[in-house]
1. Got at least one residue in the range 16-32 being surrounded by fewer than 19 Cβ atoms within 10 Å (Cβ to Cβ), among the charged types (D, E, K, R), in contact with a strand residue (DSSP E or B) (Cβ under 7 Å, 6 or more places away or on another chain) and touching a residue at least 24 places away in the same chain (Cβ under 8 Å)?
2. Quick check: anything in the range 187-205 within 18 Å of the chain's Cα centre (by Cα), closer than 25 Å to A105 by Cβ, touching a residue at least 60 places away in the same chain (Cβ under 8 Å) and surrounded by fewer than 20 Cβ atoms within 10 Å (Cβ to Cβ)?
3. If you go through the range 94-130 one residue at a time, how many are basic (K, R) and surrounded by fewer than 16 Cβ atoms within 10 Å (Cβ to Cβ)?
4. Hey, among S8, S66, which residue is small (G, A, S) and touching a Ser or Thr at 6+ places or on another chain (Cβ under 6 Å)?
5. Return yes when R74 is touching a residue at least 12 places away in the same chain (Cβ under 8 Å), surrounded by fewer than 24 Cβ atoms within 10 Å (Cβ to Cβ) and under 14 Å from the mean Cα position of the chain (by Cα) and no when it is not.
6. Quick one: in the range 77-93, of everything that is touching a residue at least 12 places away in the same chain (Cβ under 8 Å) and acidic (D, E), which residue is surrounded by the most Cβ atoms within 10 Å (Cβ to Cβ)?
7. Can you work out which of the residues in the range 1-15 that are over 15 Å from the mean Cα position of the chain (by Cα) and under 16 Å from S88 (Cβ atoms) is surrounded by the most Cβ atoms within 10 Å (Cβ to Cβ)?
8. For the range 107-152, which positions are in contact with an Asp or Glu (Cβ under 9 Å, 6 or more places away or on another chain), part of a helix (DSSP H, G or I) and within 23 Å of A70 (Cα to Cα)?
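The values are calculated or read from the model by the stated rules, or taken from the named source; none is laboratory data. Just so it is clear, the structure is predicted and the values come from calculations on it, not from any experiment. We place every Cβ from the backbone using ideal geometry, glycine too, and count neighbours over all the protein chains shown.
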Amino acid sequence: MRPIIGISRCSRLDDYLASIEQAGGRPRVLEVSESATKVLSEIHGLLLTGGGDVDPVFYGEDRHPSTEDAEPGRDEFEMDLARRAVDSGVPLLAICRGAQVLNVAAGGTLVQDIPTEITTELSHTVGQPKDTIAHDVAVAPGSKLHRILGDAVTSAHTCRVNSRHHQSVGKLGKDLAASATAPDGVIEAIEAPAAEFCVGVQWHPENFWRSGEFRGLFEAFVAIARTRLTSQHEAYSETDQSREG
């Protein structure tokens, strides 16, 4: 069975779709006009994609001069999805902007502009080609992300990632933990330790779907979503049998 994975719409969907299909999921692109409650009743996993900056009004800050024009409708929709997914146990994978949305939805904040707010010589905005390695990240031993990434993590607990972001997670949201950091201390991944699968990464693992460096991340995500699908089918079958009886 192929679980349905809801994917928030963004300008570059192809690699997200390919990554989910390759991992055995059935992608469904979500529109901001949809009801978050209805969406979550129809999907088995949620993928929040990359994109523009989250409006700082959602985490109580004034806009930095480098903060891009926001999409309030998208922000509201995705934060509603994130909160409801966490509350209802829907597996959640959040990528780049998606990880930032997850953190803000949980009450956290963002660093609005890394180059002007953090002292660093590290570039977090390495562009094309999309799978260009930008830097290493240190993955927290014992974290769910460390286990999920498997062979992508070295014996020194690091992995190599691409990078296309000028913002990052600031203060962590409620019940979230940092599971990877860049050499300059920028948070590169977050997770909800108490959730079955709630992981956010700041890099773009979907850009590696052809070479497979982060295939394990998508496979683990889809596997948990498939478990949810199977459980739903079993529950429906039991309900049907009780009605027939």
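1. Within the range 16-32 (the criterion being surrounded by fewer than 19 Cβ atoms within 10 Å (Cβ to Cβ), among the charged types (D, E, K, R), in contact with a strand residue (DSSP E or B) (Cβ under 7 Å, 6 or more places away or on another chain) and touching a residue at least 24 places away in the same chain (Cβ under 8 Å)), the answer is yes, since at least one residue qualifies.
2. Of the range 187-205, the ones within 18 Å of the chain's Cα centre (by Cα) are 187-205.
If we keep only those that are closer than 25 Å to A105 by Cβ as well, we get 187-205.
Among the residues that remain, those that are also touching a residue at least 60 places away in the same chain (Cβ under 8 Å) are: 189-190, 192, 195-205.
Filter once more, keeping what is surrounded by fewer than 20 Cβ atoms within 10 Å (Cβ to Cβ): 195-196.
Yes, that holds for at least one residue.
3. Of all residues in the range 94-130, those basic (K, R) come to 97, 130.
Retained after the next criterion (residues that are surrounded by fewer than 16 Cβ atoms within 10 Å (Cβ to Cβ)): 130.
Counting residues in the range 94-130 that are basic (K, R) and surrounded by fewer than 16 Cβ atoms within 10 Å (Cβ to Cβ) gives 1.
4. On the way: S66 fails: touching a Ser or Thr at 6+ places or on another chain (Cβ under 6 Å).
When all the criteria are applied, what remains is S8.
5. Numbers: touching a residue at least 12 places away in the same chain (Cβ under 8 Å): yes; surrounded by fewer than 24 Cβ atoms within 10 Å (Cβ to Cβ): yes; under 14 Å from the mean Cα position of the chain (by Cα): no.
Judged against the criteria, R74 is not a match.
6. Step one: list which residues in the range 77-93 are touching a residue at least 12 places away in the same chain (Cβ under 8 Å), which gives 77-86, 88-93.
Then drop every residue that is not acidic (D, E), which leaves 78, 80.
Working: E78: 29, D80: 16.
Only one residue tops the list, namely E78.
7. Among them, the one singled out is P3.
8. I114
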